[in-house]
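Data first, discussion second: the structure below is written as structure tokens.
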Amino acid sequence: SLLLFRPVLQYLLHSKVVSDDSESLQVSNATRELFKWGIMCGCVLSAGSNLQQRGLQTVSASKTAFITGMYVIFVPIVEYILPGFQSNLNWRVWLSAAISLTGMYFLSLDSNTTIGAPTITSGDLIVFGSMLCWVAAIIISGTSMKRGCDSISYTIIQFGTATFLNTSIALIFETNSFVYPFHDIMKSWDMILLVGLSKGLSFLFGTLGQMYVRYSFHFILL
């Protein structure tokens, strides 16, 4: 979808980044940076999407949404821990992180067990793992935008990488889905297209936002 609409998006969004050191970048270096960060993020997206959908087989959509939404808190925390980001956190971030973890605790209560007894299921841990992948994807995208990567090309490369990896995994573990007349795929073609289009645009807009908005303000807006 992004390949089809790229000319229009390029014209409307003016996605070429003008960073402080962009004038000194050679085209070959810029292309190398683009593919390096795009492929890296594509690998993370592939892992995150597979873990999330695997978790959804046993975890409710509402709980999955809550756990996934915790990336808003974890991104600044991870940046604070990792060297090179020089991220400063105030008490509000730590308080928000504590509240989020408390919420995850209560959401993980299993209604089939004794009242008040918490149960963290394997599905919860899988979804939590997918959330960490989204954290990595946001940090990688932010870094790539600072390096002067074109946002639309970057998004296309990361999705191309994720498509290759996910298709390879599906061919190995879901071989029957690719046998003519593709019953498993055809019965969900509308959802596949809808999710594909919405994800393409959401990740593109998120990447565009990281071109102009610093992390601290970005997550306040979220």
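Quick one: which helices (runs of 4 or more DSSP H) lie wholly within the range 1-74 and hold at least 1 residues that are within 29 Å of S168 (Cα to Cα) and at pLDDT 80 or above? Ranges flagged: 27-55, 61-69. Here P83 does not qualify as modelled with pLDDT under 85, open to solvent by less than 30 Å² (accessible area, probe 1.4 Å) and either of a type outside the set (A, V, I, L, M) or not in a helix (DSSP H, G or I) (or both).
The test for being of a type outside the set (D, E) and surrounded by fewer than 15 Cβ atoms within 10 Å (Cβ to Cβ) does not hold for T143.
The values are calculated or read from the model by the stated rules, or taken from the named source; none is laboratory data. Quantities reported herein were computed from a predicted structural model and do not represent experimental measurements. Counting neighbours? That spans all protein chains shown, and the Cβs are built from the backbone with ideal geometry, glycine included. Surface accessibility is based on the protein's heavy atoms, side chains included, excluding ligands, DNA and RNA. Shrake-Rupley method; radii C 1.70, N 1.55, O 1.52, S 1.80 Å.
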